[in-house]
Amino acid sequence: MKKWTTGEISKQRNISIRTLRYYDQINLLTPSYKDEHGKRYYSEEDLFRLEIIIILKSLSLSLEDIHNILNKLSYKQILISHYNYLQEQLSKLQTSIANTTSLINMIDLETSFSWEQVSKLVQASENRMKTWMDYFQEDEKKLLKETIPSLTHNDEITHQYILLITQMEEYISQGIQPESAEGFQIAAKLKDLSDTTFHGDDDLINKFWEVRKLPTEETGLYPISEEVLEFVERCMDYMSHKAFD
């Protein structure tokens, strides 16, 4: 039967000899074998116990708690607990990535923004999709989750929407009317993006646009100013009228 020395285990698992000796001292992990010279060796069963200790430590359990539950849970139960812990950490990491992406995109949308805006965005970002999605049917939700632009996304479509919003804000500040050549170009770009985003589903486009106009507090969507929303409606109407001229 194969046996391992303290030094071998320390090297293989990158655990200090001092730590292994401390585990032995507190009867958390004691080597099962001792030769005639008093040298101690770990068995394969001891190493499985060590792996369980390492997993439980990763769950932020104290050594005392680990000692108390070590013999009460199966290896599978502990692995399932570790799996659930890792899933939770993954969810937190994904939320953090979404928050940071949102802030990056906010910089593109806003020339300046306050701490209150940033704080509100970070706190609400993980729930944003859950709120406004409730206005749609299950089949629509699936499409929207895959394609709808969001501040938490870092894709080309989202960037194009951000550029259009920024451009409309500039036109508004310059006094350029939606019923103009510039407004017509904005409408044409918006239509192309909408067709791509919603796969040409006009009913879904209109339904989303109605939700988009609801108060931010109700939908959780990133706030767009009333001036920009009005600019969009007017330039889209202008493009529609021009098509029939």
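Would you confirm, using the coordinates I've provided, whether Ile78 is under 32 Å from the mean Cα position of the chain (by Cα), surrounded by 15 or more Cβ atoms within 10 Å (Cβ to Cβ) and in contact (Cβ under 8 Å) with a residue 24 or more places away in the chain? First the steps, then the outcome.
Numbers: under 32 Å from the mean Cα position of the chain (by Cα): yes; surrounded by 15 or more Cβ atoms within 10 Å (Cβ to Cβ): yes; in contact (Cβ under 8 Å) with a residue 24 or more places away in the chain: yes.
Yes.
Which one of Lys207, Lys191 is touching a residue at least 40 places away in the same chain (Cβ under 8 Å), assigned to a helix (DSSP H, G or I) and more than 22 Å from Lys242 (Cβ to Cβ)?
Exactly one residue qualifies, and that residue is Lys207.
Looking at Tyr22, Tyr83, Tyr42 in this structure, which one is of a type in the set (Phe, Trp, Tyr), surrounded by 12 or more Cβ atoms within 10 Å (Cβ to Cβ) and without any contact (Cβ under 8 Å) to a residue 12 or more places away in the chain?
Working: Tyr83 fails: surrounded by 12 or more Cβ atoms within 10 Å (Cβ to Cβ); Tyr42 fails: without any contact (Cβ under 8 Å) to a residue 12 or more places away in the chain.
After applying the criteria, what remains is Tyr22.
Would you mind stating whether Ser81 is of a type in the set (Ser, Thr, Tyr) and not assigned by TED's automatic domain parsing to the domain that holds Tyr22? Before you say what the answer is, go through the steps one by one.
Details: of a type in the set (Ser, Thr, Tyr): yes; not assigned by TED's automatic domain parsing to the domain that holds Tyr22: yes.
Considered against the rule, which asks whether it is of a type in the set (Ser, Thr, Tyr) and not assigned by TED's automatic domain parsing to the domain that holds Tyr22, Ser81 comes out as yes.
Would you be able to tell me the number of residues in the range 197-231 that are within 30 Å of the chain's Cα centre (by Cα) and modelled with pLDDT of 85 or more?
Of the residues in that region, 2 qualify.
The values are calculated or read from the model by the stated rules, or taken from the named source; none is laboratory data. No experiment lies behind these values; they were computed from the predicted model shown. Cβ sites come from the backbone with ideal geometry, for glycine too, and all protein chains shown count toward neighbours.
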